[in-house]
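The values are calculated or read from the model by the stated rules, or taken from the named source; none is laboratory data. This structure is a prediction, so every number in the text was calculated from the model and none was measured. Please note: Cβ atoms are built from the backbone with ideal geometry, for glycine as well, and neighbour counts cover all protein chains shown. Each accessible area value is taken on the protein alone, full model and side chains, heavy atoms only, with ligands, DNA and RNA left out. Shrake-Rupley method; radii C 1.70, N 1.55, O 1.52, S 1.80 Å.
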Amino acid sequence: MAKIRVLVVDDSAFMRKMISDIINSSPELEVIAKARDGKDAISKTRELQPDVITMDIEMPEMDGLTALKNIMQENPLPVIMLSSLTRQGAEQTLRALQLGAVDFIAKPSGQISLDIEQVSADIIKKVKAVAGTKQNIMNLNSSVKIPIPRKKPAARIIKPDEILNKLVLIGTSTGGPKALYQVIPSLPAEIDAAVLVVQHMPPGFTLSLANRLDSLSEVRVKEAEQGEKVLAGCVYIAPGDYHMMLNVQGRDAAQELCIHLDKSAPRGGLRPAVDVLLESAAEKFWGRMFCVIMTGMGSDGAAGIKKLKERGARIIAEDPSTCIVYGMPRAAVETGLVDKIVPLPDISEEILKTLNSPVNW
């Protein structure tokens, strides 16, 4: 079986060697070349047509974002960004994911990360997962639009006293930020449901994701906070390294749904985990629930939708044609509980159609 061919791009010779050694340690992977900056990366991409590229963001001559934009316009390939764990690094990473990078890996200790081996398993797993996704990337680039920041409606009404009767629950991982850019900004300000999102990301990056989505959307988008009330017209992103769960306060007509952030053990190696949110919603929420499982590695969400289905929830999964990685949606579909399989550009429309349906789904 042919090895997965990887191009490693980093301005540090030390980092190029360390990352290459990690990748070459897997018998299924092979580093075919290294590039020292964005210009070198573009040239070697044209010449060698690698299966996967790992790309540093901060480089002289031409940075990773500029090189990424060029590659995505000229000949889209799976690109995994390597970024720092700083606020600026998080914002640059989110920009890269919006431009078409399929995933990212945070360097443990900055630009020159002597302890890069801490994330060696993550590097190998992600390179393997995104190899062979070129066609999916091309499908996405041809079918989705890059949203632009929009002015918030002057009178966007959030009613704190309104009884919440509908929840939209979204779970996603690899490729998820770009997918969320297509779904969340398409939701109207007057949506009569709260939206809860679990996107697998480390701390800091989820705040940047929430802020970027908020700038693109009519609905309010924020990183979830401990104890806050869940309101219709708001989107809550689970913070990195915390499970997002739900609690109920009050009684009868005065019941309120609130966020509970939890540091209990990771589920399947993940915190936040989609399954934890879905199971909590199934246990705590009294109204109608709609769940969307989108692109991502693994099977997170498959266990949770079983609990939701027992409560009469409607479940959709993203179509494989638009998934960067058809892992989580596939696992959901294989439960036999998914009501509909929907390509990414149609997911927001399907959410709104279902929410507005008079049928008791």
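Looking at segment 301-330, which of its residues are over 18 Å from the mean Cα position of the chain (by Cα), of a type in the set (A, V, I, L, M) and part of a loop (DSSP other than H, G, I, E, B)?
Residue satisfying the conditions is ALA313 alone.
Which members of segment 331-358 meet the condition of being in a helix (DSSP H, G or I), in contact (Cβ under 8 Å) with a residue 12 or more places away in the chain, within 30 Å of VAL79 (Cβ to Cβ) and open to solvent by 30 Å² or more (accessible area, probe 1.4 Å)?
VAL333, GLU334, PRO345, GLU349
Go through segment 280-300 and give me each residue that's assigned to a helix (DSSP H, G or I) and crowded, with 20+ Cβ neighbours inside 10 Å.
SER280, ALA281, ALA282
Output the residues belonging to segment 1-34 that are within 21 Å of ARG46 (Cβ to Cβ), small (Gly, Ala, Ser), open to solvent by less than 80 Å² (accessible area, probe 1.4 Å) and outside any helix (DSSP H, G or I).
ALA33 - this is the single residue of segment 1-34 that is within 21 Å of ARG46 (Cβ to Cβ), small (Gly, Ala, Ser), open to solvent by less than 80 Å² (accessible area, probe 1.4 Å) and outside any helix (DSSP H, G or I).
Can you tell me which of (1) closer than 21 Å to GLY89 by Cβ; (2) modelled with pLDDT of 80 or more is the one MET138 doesn't meet?
(1)
For segment 244-263, state whether one or more residues are open to solvent by less than 50 Å² (accessible area, probe 1.4 Å), free of Cβ contacts under 8 Å to residues at least 24 places away in the same chain and under 23 Å from GLY304 (Cα atoms).
Scanning segment 244-263, I find at least one residue that is open to solvent by less than 50 Å² (accessible area, probe 1.4 Å), free of Cβ contacts under 8 Å to residues at least 24 places away in the same chain and under 23 Å from GLY304 (Cα atoms), so the answer is yes.
Being under 19 Å from THR206 (Cα atoms), open to solvent by 10 Å² or more (accessible area, probe 1.4 Å) and part of a helix (DSSP H, G or I) is the filter here, so list the residues in segment 269-279 that pass it.
Across segment 269-279, the qualifying residues are ASP275, VAL276.
Do you know which of the residues in segment 83-98 that are crowded, with 19+ Cβ neighbours inside 10 Å and farther than 17 Å from LYS39 by Cα is modelled with the lowest pLDDT?
Among those that are crowded, with 19+ Cβ neighbours inside 10 Å and farther than 17 Å from LYS39 by Cα, it is SER84.
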